[in-house]
Every structure is written in structure tokens, then in C-alpha cells.
Amino acid sequence: MAKVLHMKDICIGCGACAAVCPKYWEMKGDGKSHLKGGKNAGGENFELVVADAECNSEAAASCPVSCIKVSK
Ligand code: SF4
């Protein structure tokens, strides 16, 4: 299992996560990315538990402001 966390308040909307991991990430009209299926975890934090991190690891590595965390 892996937990993916998006700290949306820090997101600058660069689109890198959606480019490398479109299965889980998409850009939204608010100019920020959206973690598909993510649940609100307080404030502007969104969490998703997945069986395997898959491309979320690449998304986290590609984020210039480190607002994606993947914990296993
Ligand atoms: S890579 Fe980071 S800053 Fe860029 S859109 Fe995704 S979450 Fe936001």
C-alpha cells in the first residue's frame, strides 16, 4: 500500500505531475493539479491510498515545489 498526499496550497500549477502520471493527476480550472480520487485530508491537503505507488513516485520527483508526498 502507498499513501499519496497533495498539499494543494503549495502547488504552482506547473503541470509536471499530470504530464508524467496522467492516470492519477490532471490539471483543473483553478490552475492547480488534482489528485484523481483524492479525499480531503484537512485544509487544502488531499490523500489517496493506492495498492502501489506506480507513477505517483515520478510525479513526486517531478514536482518543483515538493507538494506531492508518497509514503509506503
Ligand atoms: S508538479 Fe507539483 S506544482 Fe506542478 S502541478 Fe503537480 S503538484 Fe502542482
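Can you say whether Lys32 is among the basic types (Lys, Arg), in contact (Cβ under 8 Å) with a residue 24 or more places away in the chain and near the ligand (Cβ under 8 Å from one of its atoms), as far as the supplied structure shows? It would help to see each step written out before you state the result.
Working: among the basic types (Lys, Arg): yes; in contact (Cβ under 8 Å) with a residue 24 or more places away in the chain: yes; near the ligand (Cβ under 8 Å from one of its atoms): yes.
Judged against the criteria, Lys32 is a match.
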If I filter region 2-20 down to residues being more than 6 Å from the ligand (Cβ to nearest atom) and over 9 Å from the mean Cα position of the chain (by Cα), which single residue comes out as nearest to Cys67 (Cα to Cα)? Ile10
Identify all residues within region 1-20 that are among the small types (Gly, Ala, Ser) and part of a loop (DSSP other than H, G, I, E, B); write none if there are none. Gly13, Gly15
By residue number, the members of region 21-43 that are under 11 Å from the mean Cα position of the chain (by Cα) and not in a loop (DSSP other than H, G, I, E, B) are Trp25, Glu26, Met27, Ser33, His34, Leu35
Cβ-Cβ under 6 Å pairs, at least 6 apart or on other chains, region 61-72 side touching a residue at least 12 places away in the same chain (Cβ under 8 Å), far side among the polar types (S, T, N, Q) and more than 8 Å from the ligand (Cβ to nearest atom): Val70/Asn56; Val70/Ser57
Restricting the search to region 44-54, which residues are assigned to a loop (DSSP other than H, G, I, E, B) and buried (at least 17 other Cβ atoms within 10 Å of the Cβ)? Ala53
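All of the numbers you see were taken from the coordinates with simple rules; none came from a lab. Since the model is a prediction, treat every value here as computed from it, not as a measurement. Note that each Cβ is placed from the backbone with ideal geometry, even for glycine, and that neighbours are counted across all protein chains shown.
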